[in-house]
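Below: one structure, written as structure tokens.
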Amino acid sequence: MTEVVILSEAAAYRVKEMMTHNGEEGSMLRVAVNGGGCSGLSYGMSFEKEKQEDDLALHQHGIDIVVSTEDGSILNGTTIDYKESLMGGGFTIENPNAIASCGCGSSFRTAKKEGTPENC
């Protein structure tokens, strides 16, 4: 079975840096799907101290990751990477379930879930 979320080594390194910088050592990385954006759904990442009852728990590259069961079906097989360029750096998300996305790449929809598109 495919991992729900696959965190690259570069993304894990950056998440660890952010945890240290923000005093979040020992926290978990929550990867979520929220309504909104041009295409209807958007990605969210945050730090959390406690796992919820319906969360799926993963551990990759020294990072504990939690994803709600509902979001897990939308994110199944999603890869999160971190890339640096001359213009700065940022997380990139590749979701094999997304059938459409906006130009900026932060909003998407799947065949089974459209979300709540906003005017952009």
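Observations, loosely collected:
- Each Lys and Arg contributes +1 and each Asp and Glu -1, all at the Cβ; summed about the Cα centre of the range 1-104, the dipole is approximately 280 debye.
- Here 28, 87, 18 are placed in order of increasing Cβ neighbour count within 10 Å, fewest first, which gives 87, 18, 28.
- Neighbours of residue 89 by Cβ distance under 15 Å: Lys/Arg scored +1, Asp/Glu scored -1, total -1.
- Most tightly packed first, judged by the mean number of other beta-carbon atoms within 10 Å of their residues, the peptides 53-65, 73-85 read 73-85, 53-65.
- Gyration tensor verdict on the range 3-107 (Cα atoms; rounded if a/c is under 1.5, prolate if a/b is larger than b/c, oblate otherwise): oblate
We did not get these values from a lab; they are worked out from the coordinates using the rules stated. This is a predicted model, so every value here is computed, not measured. Cβ atoms come from the backbone with ideal geometry, glycine included; neighbour counts cover every protein chain shown.
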